[in-house]
1. May I ask for the angle, rounded to the nearest 10°, between helix 33-45 and the longest principal axis of the chain, with both axes built from Cα atoms and the value confined to 0 to 90°?
2. What is the helix-to-structure angle for 3-17, meaning the angle in degrees between its Cα long axis and the longest Cα principal axis of the chain, kept from 0 to 90 and rounded to the nearest 10?
3. In a Gaussian network model over the chain where Cα atoms closer than 10 Å are linked, find which of 139, 243, 226 has the largest mean-square fluctuation.
4. Can you tell me the relative contact order of the chain? Whole percent, Cα pairs under 8 Å, sequence separation 6 or more.
5. For Rg/Rh (Cα atoms, Kirkwood Rh), pick the label among [x] 0.99; [y] 1.02; [z] 0.95 that corresponds to the value derived from the coordinates.
6. Please determine, in degrees from 0 to 90 and to the nearest 10, the orientation of helix 76-87 with respect to the longest principal axis defined by the Cα atoms of the chain, where the helix direction is its Cα long axis.
7. Could you tell me the calculated FRET efficiency between residue 4 and residue 51, based on Cβ-Cβ distance and R0 = 22 angstrom, to the nearest 0.05?
8. What FRET efficiency comes out for the pair residue 31/residue 76, r = Cβ-Cβ distance, R0 = 22 Å, nearest 0.05?
């Protein structure tokens, strides 16, 4: 297969899935990983993708907000690992804020095992996931429905959390860098996420490797306000080191390693 054809197929895969793996793509195209990496380097130089450890991701578009369905198929294994690590930070009796996103939803699905917990959320999907948790009190904010992310946003949402105080806020976004912190393409979503962060004693960001080092249009929470970043082992080491140097506690979930969930048996 000619290089131009390989690269066309790689570009199509990145556009449709958001992320590609060197090993998987090399097998699909019937080429070597060395050749595939050479293709990725050339495509990254042309701005067609962004190299990551073990693969590549679609370049962040400053003003484009991916829908829930666009994000749900991306880095699912990594998001599950991040959620398990985040779960270990939550204790019975805690009051937490949980923002919208596919990774926060993965965390919500683990919370059904909690013996006692209060969760404030603006995510309809998180609230739905916690319907099966009889000992978790769920407080759903008001607000305007943003259908693309299945969440409530806007001034009413901000007002509803302003008077609250929780131990931790677990939020996601579309980009995270040492310079700008957490960011998202939508000003409306950014303002709502800032309100969630402002109601918490500690802000915990859940961001898989496709978000690390990326920046989008609207800053959600500056780096100085973020206590902990939980990401996965595919994130670029240099970007993570810069985030650590900015004062953030960086925790890395090992992909493929299944952490023990409290209250369960191995």
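1. Roughly 70 degrees between the two axes.
2. Value to nearest ten degrees: 10.
3. 139
4. Values: 573 pairs, mean separation 45.8, N = 266.
For the chain, the relative contact order is 17 percent.
5. For Rg/Rh (Cα atoms, Kirkwood Rh), the calculated option is [x].
6. With rounding to tens, the tilt is 30 degrees.
7. Numbers: r = 20 Å, r/R0 = 0.89.
After rounding, the FRET efficiency stands at 0.65.
8. On the way: r = 25 Å, r/R0 = 1.15.
Plugging the Cβ-Cβ distance into 1/(1 + (r/R0)^6) gives 0.30.
Here, each number is a calculation from the coordinates, and none is a lab measurement. Note that this is a predicted model, so its numbers are computed, not measured. Note that we place each Cβ from the backbone using ideal geometry, even for glycine, and neighbour counts take in every protein chain shown.
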